[in-house]
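*Asks:* Could you have a look at this structure, given as structure tokens, before my questions?
The values are calculated or read from the model by the stated rules, or taken from the named source; none is laboratory data. Everything quoted here is computed from the prediction, not taken from an experiment. All Cβ positions, even for glycine, are placed from backbone atoms using ideal geometry, and neighbour counts span all protein chains on display.
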Amino acid sequence: MTSQSGLRPVPAWLYVPAVLGFALIILPPIALAQRMPWDDFWGSITSEASLQALGLSLRTAGASTLACIVIGVPMATIFARSDGMVLRIIRSAVLLPLVLPPVVGGIALLYAFGRKGLIGEHLTVWGIDIAFSTTAVVLAQTFVALPFLIISVEGALRVSGSSYEQVAATLGAGPTRTLLTVTLPLVFPAVLSGVVLAFARAMGEFGATITFAGNSPGVTQTAPLKIYVDEISDPQQALPLALVLVVLALIVVVAVHLRRPGQRRTAVV
């Protein structure tokens, strides 16, 4: 027997762990708001240091998201439409940042692009220093955010299948035209979800950034890093900016999940 909405009822006991899980997620933000110094809220988030850190976060997260689109969409398409042991190994390596501690990722980036790193020592000869710069922030954010976009787009491509692409090919469309006019429009909701998730992950990045880029105000100190510093020196000062990031994260969650039901079959997040 099904309900009026067409969904099958679930066992009543499932609501007990579900409620516990909801409480686990929702209580910390409520506690954060409850301890908020509201009298000084606006002045705190509009201070020069807060605006500087938040502005840097938005700029670097935007740049890293653009990099994720340029790199991630082609990779996801290749992973979804090709097969083979080599590609499976490459895919596993690309998704490594999902399970790798961010601090470890930052150390790896440092030994790759630092002044004495695998690639960085050759760049230094040309006067290019990446580590502990704004560029390092973008690289660290891209490193941790890229898998989110790849998983979203690849999953949608696998679910949608290749029948429409085969029809386009029989009608004379080349691979590039098929990709731009058939494949990508078909999974656009998933691409959009992946972009939003990548941006959110980049905005919240902390471990890899502080390890690889440092914590220099105006250069590498993003909003999460400023919150961390404020929490050590003055916990009350850290709360307003932390709440701003909570609100931004909530907007991201709403943007990703409140889509029309018909779109959820193609957008796998």
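*Asks:* For the list (1) in contact (Cβ under 8 Å) with a residue 40 or more places away in the chain; (2) farther than 30 Å from residue 175 by Cα; (3) part of a helix (DSSP H, G or I), I need the number of the one condition that residue 30 fails.
*Replies:* If we test residue 30 against (1) in contact (Cβ under 8 Å) with a residue 40 or more places away in the chain; (2) farther than 30 Å from residue 175 by Cα; (3) part of a helix (DSSP H, G or I), just (1) comes out false.
*Asks:* Here is a check on your reading of the model: is residue 61 buried (at least 16 other Cβ atoms within 10 Å of the Cβ) and either closer than 24 Å to residue 190 by Cβ or under 21 Å from the mean Cα position of the chain (by Cα) (or both)?
*Replies:* On the way: buried (at least 16 other Cβ atoms within 10 Å of the Cβ): yes; either closer than 24 Å to residue 190 by Cβ or under 21 Å from the mean Cα position of the chain (by Cα) (or both): yes.
Taking the combined requirement at face value, the residue satisfies it.
*Asks:* Does residue 110 satisfy the condition of being free of Cβ contacts under 8 Å to residues at least 12 places away in the same chain, over 20 Å from residue 54 (Cα atoms) and assigned to a helix (DSSP H, G or I)?
*Replies:* The answer is no for residue 110.
*Asks:* Continuing with this model, one more query. Please enumerate the residues belonging to region 157-183 that are assigned to a helix (DSSP H, G or I), without any contact (Cβ under 8 Å) to a residue 24 or more places away in the chain and among the small types (Gly, Ala, Ser).
*Replies:* The answer is 163, 168, 169.
*Asks:* A further question follows. So in region 46-58, with the set limited to residues that are surrounded by 15 or more Cβ atoms within 10 Å (Cβ to Cβ), assigned to a helix (DSSP H, G or I) and among the small types (Gly, Ala, Ser), which one is nearest to the chain's Cα centre (by Cα)?
*Replies:* Kept after step one, since they are surrounded by 15 or more Cβ atoms within 10 Å (Cβ to Cβ), are these residues of region 46-58: 47, 49-50, 52-54, 56-58.
Okay, now just the ones that are also assigned to a helix (DSSP H, G or I), so 49-50, 52-54, 56-58.
From what is left, the residues that are among the small types (Gly, Ala, Ser) are 49-50, 53, 57.
Values: 49: 24, 50: 22, 53: 18, 57: 13 Å.
So the residue we want is 57.
*Asks:* Determine which member of the set 213, 267 is farther than 26 Å from residue 40 by Cβ and modelled with pLDDT of 90 or more.
*Replies:* Values: 267 fails: modelled with pLDDT of 90 or more.
None of the other options fit; the residue is 213.
*Asks:* Can you name the residue in region 75-90 that is crowded, with 19+ Cβ neighbours inside 10 Å and at pLDDT 90 or above and is also nearest to residue 194 (Cα to Cα) among such residues?
*Replies:* 76
*Asks:* Then there's this: Name the residue, out of 62, 72, 43, that is in contact with a Leu (Cβ under 6 Å, 6 or more places away or on another chain) and either at pLDDT below 90 or assigned to a helix (DSSP H, G or I) (or both). It would help to see each step written out before you state the result.
*Replies:* Numbers: 62 fails: in contact with a Leu (Cβ under 6 Å, 6 or more places away or on another chain); 43 fails: in contact with a Leu (Cβ under 6 Å, 6 or more places away or on another chain).
Only one candidate qualifies: 72.
*Asks:* Right, here's the next one. So in region 22-45, with the set limited to residues that are over 24 Å from residue 253 (Cβ atoms) and not hydrophobic (A, V, I, L, M, F, W, C), which one is surrounded by the most Cβ atoms within 10 Å (Cβ to Cβ)?
*Replies:* 44
*Asks:* Given (1) modelled with pLDDT under 90; (2) closer than 17 Å to residue 64 by Cα; (3) small (Gly, Ala, Ser); (4) touching a Gly at 6+ places or on another chain (Cβ under 9 Å), identify the lone condition not met by residue 120.
*Replies:* The number of the failed condition is (2).
*Asks:* Continuing with the same structure: Might you check whether a residue that is closer than 16 Å to residue 106 by Cα and assigned to a loop (DSSP other than H, G, I, E, B) occurs anywhere in region 221-231?
*Replies:* Just the residues of region 221-231 that are closer than 16 Å to residue 106 by Cα, to begin with: 221-222, 224-225.
Filter once more, so that each one left must be assigned to a loop (DSSP other than H, G, I, E, B): 221-222.
Yes, some residue in region 221-231 is closer than 16 Å to residue 106 by Cα and assigned to a loop (DSSP other than H, G, I, E, B).
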